[in-house]
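The values are calculated or read from the model by the stated rules, or taken from the named source; none is laboratory data. As the structure is a computational prediction, the values presented were derived from the model and not from experiment. Note that each Cβ is placed from the backbone with ideal geometry, even for glycine, and that neighbours are counted across all protein chains shown. Only protein heavy atoms, including side chains, enter the accessible area calculation; ligands, DNA and RNA are left aside. Shrake-Rupley method; radii C 1.70, N 1.55, O 1.52, S 1.80 Å.
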Amino acid sequence: MDSGYYAACAGLLAKSQQLEMLAHNLANSSTTGYKSEQVSFHSLLAMRQGPASELNRAINAFGVSSDPRLNLAAGATETTGNSLDLAVEGPGFLVVNVGGQDRYTRNGHLQLSTAGQLVTSNGNPVLGDTGPILLPPSATITISPEGDVSANGALAGKLKLVEVDGAGMDEIAPGIFSSPGTARESVTSRVRQGALEDSNVNGIEAVVGLVALQRHAEMLQRALSIFHSEFNRIAATELPRV
């Protein structure tokens, strides 16, 4: 009885964590450059010291979720015609300054600040090889596939395109990531001016998965309720006889 109760608890906790992750993915299905999160499950065997018997494995193996990992697959590219919209082609990321730290994004929906800096839609400066990129107002902006930024034909800077270790990346805001590893120049990535990369979330799959998870969670809740009622029955009718 105890093992079944705790197995249902562990399963409900894991499903709740996955529900939160799927809901977050679905909420960002239209966020430019967003990378979905994925969660995997593994078995945790609750046992005392010593080898586990087959019966022990059968009744004490609880399903738990691991830390979410990023799905770095590229989203679809959509042409916008806006000269400050960029889609990164390849494994690279744009480097932006967030709170004084280098962060990484594939959201190329850029704009000019009042000070003439090239910034993201959230106002974070986009970094070039020598720091923030400054552009004159009302200039005609062209950006080459290699990331060279020109204003009225004059070179104003070069976008910093880097690759980072995806296994250690962490999302600090929708579409913006940090990494404990060292960023390295991406020699295979290019940018396409006048285009944006869509989120890689498949909306239909996310909705179907969300509904299925809700049903699984409801089943586990019912199981917990049954265990709880059975515990109360034993406490009320069986224990007094002992």
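Suppose each label sits 7 Å from its Cα in the direction of the beta carbon; what would the L210-S178 distance come out to in nanometres?
With each label point 7 Å from Cα toward Cβ, the separation is 2.8 nm.
Run the accessible area of region 72-158 with a 1.4 Å probe and give the carbon-and-sulfur part as a rounded percent.
Values: 2040 of 4090 Å².
Taking all protein chains in place, region 72-158 shows 50 percent carbon and sulfur surface.
With θ set to phi - 60°, apply the Karplus curve 6.51 cos²θ - 1.76 cosθ + 1.60 along region 188-195 and write out the HN-Hα couplings as whole Hz, x wherever there is a Gly or Pro.
Running phi through 6.51 cos²θ - 1.76 cosθ + 1.60 with θ = phi - 60° gives 9, 8, 9, 10, 10, 6, x, 8 Hz.
Grab the Cα-Cα distance for T114 and V187, subtract it from 0.36 nm times how many residues apart they are, and report the gain in nm with one decimal. Kindly include the intermediate steps, with their values, before the conclusion.
On the way: separation 73, 0.36 × 73 = 26.28 nm, distance 3.21 nm.
So the chain would gain 23.1 nm between T114 and V187.
Would you tell me the accessible area of K15, worked out with a 1.4 angstrom probe on the heavy atoms of the protein chains, in Å² to the nearest 10?
For K15, solvent-accessible area is about 50 Å².
How high is the FRET efficiency between S225 and A154 when r is their beta carbon distance and R₀ equals 41 Å, given to the nearest 0.05?
Numbers: r = 71 Å, r/R0 = 1.72.
FRET efficiency, S225 to A154: 0.05.
Could you work out the local net charge near L155, counting Lys and Arg as +1, Asp and Glu as -1, over the other residues with Cβ closer than 13 Å to its Cβ?
Numbers: positive: K158; negative: D129, E146, D148.
Residues near L155 contribute -2 overall.
Kindly report the accessible area of region 110-231 per residue (heavy atoms of protein chains, probe 1.4 Å, no ligands, DNA or RNA), in Å². Don't skip to the end; give the middle numbers.
Numbers: 6550 Å² over 122 residues.
Here the per-residue accessible area is 54 Å².
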